[in-house]
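Chemist: Below you'll find the structure I mean.
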């Protein structure tokens, strides 16, 4: 059974017609690429935050104390 794709809603403002349909191949490929890119960016952010937390723990200071040192 094929996977159900996300729906797209298109509103033609000139005719006020509203069309809701499943994504086509091109739209779905772009959607999947966007989701993968977002997941990669989120993983990088989480990795950077973990590295910052580990450094603060090694230094024995809080984020607020580190901000004071850098101000």
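Chemist: Looking at (1) modelled with pLDDT under 95; (2) touching a strand residue (DSSP E or B) at 6+ places or on another chain (Cβ under 9 Å); (3) surrounded by 11 or more Cβ atoms within 10 Å (Cβ to Cβ), can you tell me which one residue 66 breaks?
Modeler: (2)
Chemist: Looking at segment 14-23, which of the residues that are surrounded by fewer than 10 Cβ atoms within 10 Å (Cβ to Cβ) and touching a strand residue (DSSP E or B) at 6+ places or on another chain (Cβ under 8 Å) is nearest to residue 62 (Cα to Cα)?
Modeler: Of everything passing the filter in segment 14-23, 20 is nearest to residue 62 (Cα to Cα).
Chemist: I've got another one for you. Any idea which of (1) loosely packed, with under 10 Cβ neighbours inside 10 Å; (2) assigned to a helix (DSSP H, G or I); (3) at pLDDT below 95 is the one residue 3 doesn't satisfy?
Modeler: Result: residue 3 fails condition (2) only.
So that you can scan it fast, the table gives a plain yes or no per residue for (1) in a strand (DSSP E or B); (2) more than 21 Å from the chain's Cα centre (by Cα); (3) at positive phi:
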| residue | (1), (2), (3) |
| --- | --- |
| 19 | yes, yes, no |
| 39 | no, no, no |
| 49 | no, no, no |
| 66 | no, yes, no |
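Chemist: Shifting gears a bit: Of all residues in segment 24-55, which are surrounded by 11 or more Cβ atoms within 10 Å (Cβ to Cβ) and either touching a helix residue (DSSP H, G or I) at 6+ places or on another chain (Cβ under 6 Å) or farther than 19 Å from residue 8 by Cβ (or both)?
Modeler: Correct list: 52, 53, 55.
The values are calculated or read from the model by the stated rules, or taken from the named source; none is laboratory data. None of the values given here were measured: they were computed from a predicted structure. Glycine also receives a Cβ, built like all others from the backbone with ideal geometry; neighbour counts cover every protein chain displayed.
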